[in-house]
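We did not get these values from a lab; they are worked out from the coordinates using the rules stated. Because the structure is predicted, anything quoted here is derived from the model rather than measured. All Cβ positions, glycine included, derive from the backbone under ideal geometry; neighbour counts span all protein chains shown.
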Amino acid sequence: MFHYTVETSKGLQEAAESLEASLKEEQFGVLWNFDIKDKLNEKGLAFEKGFKVLEVCNPKEAQRILNENMMAGYFLPCKMVIYEDEGKTKIGMPKPTALTQMVEDDNIQAMASDIESRLIHCIDQSV
């Protein structure tokens, strides 16, 4: 499976705040918090489901990855989503290991695996 997604009993905003706090503990910063529902509504398009995209980064890890293989930069920063689906709030992300397979570099794959487990921990702590 290319993604890791969990369901939470928290509302969209509470889940986003909880995820951001968990990410901070793991030394990941949120570079961008994009509210797709608000943006589409602002553009006159009807979209009523909450959907937030967080772009997150740990600068030391980004440096390590880019020093190893610049092509892995195509997958930076990591994306995480919080969204509403059928009355439930979900938190998820594309798995870094799934994305970096395309680089075909064992060292990058090992780094992605470490980052993935840390981000999964952040998601699980946010539920």
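Remark: the chain projects, on average over all directions, an area of 8.0 nm² (convex hull of Cα atoms).
Ser18 sits among other residues whose Cβ lies under 15 Å from its own Cβ, and their net charge, with Lys and Arg +1 and Asp and Glu -1, is -3. Summing Cβ point charges (Lys, Arg +1; Asp, Glu -1) relative to the Cα centre of segment 26-127 gives a dipole of roughly 280 debye. Which net charge results when you count Lys and Arg as +1 and Asp and Glu as -1 among the other residues whose beta-carbon is under 9 Å from that of Glu61? Once positives and negatives cancel, what remains is +2.
In order along segment 98-106, phi translates into HN-Hα couplings of 5, 5, 6, 4, 5, 6, 6, 9, 4 Hz, rounded to whole numbers, per the Karplus curve 6.51 cos²θ - 1.76 cosθ + 1.60 with θ = phi - 60° and x for Gly and Pro. The count of lysine pairs in the chain with alpha-carbon distances below 13 Å, taking only pairs 8 or more places apart or on different chains, stands at 11. Taking other C-beta atoms within 10 Å as the exposure proxy, Ser9, Ser126, Ser22 rank Ser9, Ser22, Ser126 from fewest upward. Look at where the Cα atoms of segment 1-47 and of segment 88-117 average out, and the two centres are 18 Å apart. What does the charge count around Gly50 come to, taking other residues whose C-beta lies under 13 Å from its C-beta (Lys +1, Arg +1, Asp -1, Glu -1)? Summing Lys and Arg as +1 and Asp and Glu as -1 gives 0. Listed values for segment 47-61 are Karplus-derived 3J(HN,Hα) couplings in whole Hz (6.51 cos²θ - 1.76 cosθ + 1.60, θ = phi - 60°), namely 7, 10, 8, x, 8, 10, 10, 9, 9, 10, 8, 10, x, 5, 5, and x replaces Gly and Pro.
Sequence-ordered 3J(HN,Hα) estimates for segment 21-37 from the Karplus curve with 6.51, -1.76 and 1.60 and θ = phi - 60° stand at 5, 5, 4, 4, 4, 8, 6, 9, x, 8, 7, 7, 10, 9, 8, 5, 4 Hz, glycine and proline given as x.
Helix content alone sets the calculated 222 nm mean residue ellipticity of the chain: runs of n ≥ 4 DSSP H residues at -39500 (n - 2.57) each, divided across all residues, give -13500 deg cm²/dmol.
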